[in-house]
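Undergrad: Dumping the structure here so I can ask a few things about it.
The values are calculated or read from the model by the stated rules, or taken from the named source; none is laboratory data. As the structure is a prediction and not an experimental result, all values here were calculated from the model. Heads up, the Cβs are rebuilt from the backbone with ideal geometry, glycines too, and the neighbour counts pull from every protein chain shown. Remember, those area values only see protein heavy atoms, side chains included, never the ligands or the DNA or RNA. Shrake-Rupley method; radii C 1.70, N 1.55, O 1.52, S 1.80 Å.
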Amino acid sequence: MLVIGALVAALLVAALLVARPWSGGGAAPAAGAPGDGGAPDAPVTGPPDATPPEVDTAALTGALVQAADAKIDPVRLADGLAPPSNRWYSGLVFGEEPQPVFPLPLSFGLTAGGFTVGLPDPVTSARAVVGPHVPAVTVDVGAASSQVVAADPVAVTTRLLDAGGEALGDVTVAAGSPFVSFTAAADVEVVAGDGFDALTDGVATAEVGGTTWGLAASAGSLADGTLVLPAGATAAWYALPDDASDDAAEVLAAAAVDPVVGVDVTYGVGDDVARTTLTYRTAGSTPTAYVLMRHHTTGSQPDREGCGLGTYRSVHGTLELCAGSTLTSYAPTLRPTGALDLDGIPAERRDAVLAQLEKDVAGTQPFASDTYFGGKHLYRAATLVVLGEQLGADDLVADLRTRVSDALREWSEPAGCDERPARCFVYDEAARSVIGRTPSFGSEELNDHHFHYGYLLSAAGLLGADDPDLVEDVAPVMDALAVDIAAAQPSDELPQLRTFDPYAGHAWASGTSPFADGNNQESASEAVNAWNGVGLWAQASGQDDLLTQATWLASTEAASARDYWTDPDLDDPVMDGFEHRVVALNWGGKRDWATWFSAEPSAMLGILLIPMGPVSDYLAVDVDPETIRAAVEEASPDGPDVMFGDYLLMYRALAGPEDAAAAWQDAIDLPDTSIDDGSSRAYLLAWLAAHGA
């Protein structure tokens, strides 16, 4: 049995101190936060914990038409659990065969008899960074089937069952945890993996592909590669960093046998920073370990104690290993915003915007009826209404306000799907989700709900800001959309934070993730728009706790959007050989200069900008203007007459007032075909004027 000595315990409390500069606004949080300058289990500092919104999800979902519209089949899921759509681990649950998943720093896959564990070794090319699941350790417990029995936004536990359906044990993986742990439900013999010969003080090691792997067991014996575990004992597998510190092996071995059983998520929002705190709960009381991604270290960062134990390579960059059970990170606060700052723009610019506004209002086409383009068209029209009212042209946009308000009311009839096949929502009890009719882009498979619903919530928030009657009329359905994508707490009706991954700091777009590369997301900007939309709706409907939650989500997603999509760290050794300015599509095990819908260079950047709402100044926070200019040049070397040309001009304006002024004439001359259907030339001109054109 593994014995944790005084030396190891001390190492867990105070490992190598690594200092980083404070790069955010305002004062640095006080020392003492777990993993942030104090002992691993010190109290959290920074903004205090926010109060999650209290929502009657049963009433919201119960008011909708009940229908089995979702097209998902959770094959490996215990009865009573909400299907874990849009998770980094969704591939374990859905599909005829389970897919590999990527709980950084490791990769993990279920097999017929047990599971495999890998440490991805990224390979970089001009267009991609690829780190597939390559099994290094194969563990066989004699299982005949498996099912997920516990899940939260960060961690998942899968029960391995024998041919009679009896439990052999539970295997748990968590994003950011360096361990894959198996806890025996009965006395069991486990094929532990090649190279593991014997336990010494409860620990064995093996060299696989140049990496040292550890196996720690709380009890039992190991001989000839077979691990005998008594009921209740835990074994865990982990990889040591190539540059492991002298302390790393002891720290990991000590933590390994106290398995992570779940991860708690808390958050707080201050004037300058939004805080995310992940607490890795273990079965006992031994502090565990975690790895830091880039966005955990590029927000507002004090010193971190417990880090410096070594690093791992990953497709997302270099990951730093830290001791402790609590990971706290910060992002610059991004407040929900719905209107451009047009105060003080030159009179001639104002007149040009108004003249174009009249044309765009008159040219507004009938709104689409599917969940994506329907919401997007309403958002475009709502921005025109807000723009006109900002400029004192209320009469010009009055009819359009009525059109949008009427359309929102139609979409928000709880029983609408009893009357028509489109522009309405149902609740699917089996899928535990709100599903829109008519679906698009696989939304009936739970794809992209945050993208779709974000536009509708934004439109409702924009027009509801000064129309309480509209808010009252649309509230039941808009509240249902908000909790479908972002419920702060799990309930019998909805999962917690369906699309948002609090460890990765961003959302995942695929509902069932039927891919060997894990889950994915390309339009990080539409994810930010979703949380901004939740915030605008919260403001209009007077839901302060929801507003705080939306601010946390938007702030964190925006920071990750910069760090992994629009301003990736091209100096990280992992990126050596990648020849582009942005990463258009991020997966669990791969990063691509590619999109789902186009090979055009303008699409690679444009999909990361859409819809360039007033909140989109976040794209330039702590970003070198030359980075922005270079990205636009790569996306449109021959000028802005390209797909998403309007968004590229708006992004160019973020490089500075001179860039905004240079973009003005391009915006005047831009063909209509290069203006996205979620935007308008009037809004484009207003954006440029607001940014100094």
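Undergrad: From 432, 498, 423, grab the single residue that is touching a helix residue (DSSP H, G or I) at 6+ places or on another chain (Cβ under 8 Å), closer than 20 Å to residue 61 by Cβ, open to solvent by 10 Å² or more (accessible area, probe 1.4 Å) and not β-branched (Val, Ile, Thr).
TA: Working: 432 fails: touching a helix residue (DSSP H, G or I) at 6+ places or on another chain (Cβ under 8 Å); 498 fails: open to solvent by 10 Å² or more (accessible area, probe 1.4 Å).
After ruling out the rest, the residue left standing is 423.
Undergrad: Sticking with this structure for a sec: Among the residues of the stretch 404-447, which ones are among the charged types (D, E, K, R) and either within 12 Å of residue 474 (Cβ to Cβ) or part of a helix (DSSP H, G or I) (or both)? Let's see the steps before the verdict.
TA: Applying the first criterion (among the charged types (D, E, K, R)) to the stretch 404-447 yields 406, 409-410, 413, 418-420, 423, 428-429, 432, 437, 444-445.
406, 409, 410, 413, 418, 444, 445 - these are the residues of the stretch 404-447 that are among the charged types (D, E, K, R) and either within 12 Å of residue 474 (Cβ to Cβ) or part of a helix (DSSP H, G or I) (or both).
Undergrad: If you check residue 123 against the conditions, is it of a type in the set (A, V, I, L, M, F, W, C) and free of Cβ contacts under 8 Å to residues at least 12 places away in the same chain? Lay out the reasoning, then the answer.
TA: Details: of a type in the set (A, V, I, L, M, F, W, C): yes; free of Cβ contacts under 8 Å to residues at least 12 places away in the same chain: yes.
When the stated conditions are applied, residue 123 passes them.
Undergrad: Now for a separate question. Being more than 17 Å from residue 527 (Cβ to Cβ) and either of a type in the set (Phe, Trp, Tyr) or open to solvent by less than 10 Å² (accessible area, probe 1.4 Å) (or both) is the filter here, so list the residues in the stretch 585-601 that pass it.
TA: Those that are more than 17 Å from residue 527 (Cβ to Cβ) and either of a type in the set (Phe, Trp, Tyr) or open to solvent by less than 10 Å² (accessible area, probe 1.4 Å) (or both): 589, 593.
Undergrad: In the stretch 507-545, how many are of a type outside the set (Gly, Ala, Ser), open to solvent by less than 20 Å² (accessible area, probe 1.4 Å) and assigned to a helix (DSSP H, G or I)?
TA: Residues meeting the conditions: 8.
Undergrad: Just checking: which of the strands (runs of 3 or more DSSP E) contained wholly in the stretch 76-185 hold 1 or more residues that are aliphatic (A, V, I, L, M) and open to solvent by 40 Å² or more (accessible area, probe 1.4 Å)?
TA: The strands (runs of 3 or more DSSP E) meeting that bar are 128-130, 145-151.
Undergrad: Note down all Cβ pairs under 7 Å where the first residue falls in the stretch 219-245 and is surrounded by fewer than 21 Cβ atoms within 10 Å (Cβ to Cβ), the second is among the polar types (S, T, N, Q) and part of a strand (DSSP E or B), and they're at least six residues apart or on different chains.
TA: Correct list of pairs: 228/221; 243/311.
Undergrad: Only one of 604, 612 is closer than 15 Å to residue 562 by Cα, free of Cβ contacts under 8 Å to residues at least 60 places away in the same chain, open to solvent by less than 10 Å² (accessible area, probe 1.4 Å) and of a type in the set (A, V, I, L, M, F, W, C); which? Break it down stepwise before answering.
TA: On the way: 612 fails: free of Cβ contacts under 8 Å to residues at least 60 places away in the same chain.
Result: 604 is the single residue among 604, 612 that is closer than 15 Å to residue 562 by Cα, free of Cβ contacts under 8 Å to residues at least 60 places away in the same chain, open to solvent by less than 10 Å² (accessible area, probe 1.4 Å) and of a type in the set (A, V, I, L, M, F, W, C).
Undergrad: Among (1) open to solvent by less than 30 Å² (accessible area, probe 1.4 Å); (2) more than 24 Å from residue 669 (Cβ to Cβ); (3) more than 16 Å from the chain's Cα centre (by Cα); (4) not aromatic (Phe, Trp, Tyr), there is one condition residue 624 misses while meeting the rest; what is its number?
TA: (1)
Undergrad: Name the residue that is nearest to residue 356 (Cα to Cα), counting only residues in the stretch 667-681 that are within 32 Å of the chain's Cα centre (by Cα) and in a helix (DSSP H, G or I). Lay out the reasoning, then the answer.
TA: Pass one, the stretch 667-681, residues within 32 Å of the chain's Cα centre (by Cα): 673-681.
Subset that is in a helix (DSSP H, G or I): 673-674, 681.
On the way: 673: 16, 674: 16, 681: 7 Å.
Here the answer is 681.
Undergrad: Let me ask another. Check the stretch 378-395 and report whether any residue there is within 30 Å of the chain's Cα centre (by Cα), among the polar types (S, T, N, Q), over 16 Å from residue 469 (Cβ atoms) and open to solvent by 10 Å² or more (accessible area, probe 1.4 Å). Quick ask: steps written out before the conclusion?
TA: Quick first cut of the stretch 378-395, residues within 30 Å of the chain's Cα centre (by Cα) only: 378-384, 386.
Next, only the ones that are among the polar types (S, T, N, Q) stay: 383.
Adding the requirement that they be over 16 Å from residue 469 (Cβ atoms) leaves 383.
Narrowing further to those that are open to solvent by 10 Å² or more (accessible area, probe 1.4 Å): 383.
Taking every residue of the stretch 378-395 in turn, at least one turns out to be within 30 Å of the chain's Cα centre (by Cα), among the polar types (S, T, N, Q), over 16 Å from residue 469 (Cβ atoms) and open to solvent by 10 Å² or more (accessible area, probe 1.4 Å).
Undergrad: I'd like the full set of residues that are part of a helix (DSSP H, G or I), surrounded by fewer than 24 Cβ atoms within 10 Å (Cβ to Cβ) and not charged (D, E, K, R), limited to the stretch 651-666.
TA: Narrowing the stretch 651-666 to residues part of a helix (DSSP H, G or I): 651-653, 657-666.
If we keep only those that are surrounded by fewer than 24 Cβ atoms within 10 Å (Cβ to Cβ) as well, we get 657-662, 664-666.
Hits for the stretch 651-666 are 657, 660, 661, 662, 664, 665.
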